[in-house]
Amino acid sequence: MRTARTSKETNHWVCNREGKHESKNKEEEAKTEKGSRRCGCPAYVKVKKDGKHNFWFFDHVQEAHNHKLEPSPRMTRYMHAHKNMAEGMSDLFNIMTRNGVPHQAALNVMADLYDGRHMWGFTEKDIKNMYVLNFFSLNCNMSHI
């Protein structure tokens, strides 16, 4: 959702795919190098404020999207709410890290075990962040010995 129009009394939110891509040159047909995700989706929500009772209410809701709503499994791994790492996978990565397996080799082993990197519920950046956390926690534990 993105905000289309707001005022003190109303808010109007539209689907991210609302509208069409407009060309800078009005004579040319609208196009982009990578293509636009906009498809003229009509879905929107309009809320109004009741000034007398000081509360907001839905004035109009148009739920009819003209595109698929659920993202592909390849895309969900980039969405914070969908990121998940199986506990066994995390443990395996931690064991390899503690035993000095190079980062890229650990990624390759995990990719072989889990049918490719595109099947993971997270990104390689998430693994690198976990690697850094493990590295610092190991060094902190070693300094106390």
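The values are calculated or read from the model by the stated rules, or taken from the named source; none is laboratory data. Treat the numbers as computed from the prediction; the structure is a model and nothing was measured. Quick reminder, even Gly has a Cβ in these numbers, built from the backbone with ideal geometry, and neighbours come from all protein chains shown.
Brief remarks on what is shown
- Residue count, the stretch 101-114 (criterion: under 22 Å from the mean Cα position of the chain (by Cα) and in a loop (DSSP other than H, G, I, E, B)): 1
- Within the stretch 99-120, being touching a residue at least 40 places away in the same chain (Cβ under 8 Å) and out of contact with any helix residue (DSSP H, G or I) (no Cβ under 7 Å at 6 or more places or on another chain) holds for M119, W120.
- In the stretch 43-50, the count of residues that are basic (K, R), modelled with pLDDT of 70 or more and loosely packed, with under 10 Cβ neighbours inside 10 Å is zero.
- Residue match in the stretch 117-135 (condition: within 24 Å of the chain's Cα centre (by Cα), modelled with pLDDT of 85 or more and surrounded by 11 or more Cβ atoms within 10 Å (Cβ to Cβ)): no
- R74 being within 30 Å of A105 (Cβ to Cβ) and either in contact with a His (Cβ under 7 Å, 6 or more places away or on another chain) or modelled with pLDDT of 85 or more (or both): yes
- If you go through the stretch 86-97 and keep only what is of a type outside the set (D, E) and exposed (fewer than 11 other Cβ atoms within 10 Å of the Cβ), you end up with just G88.
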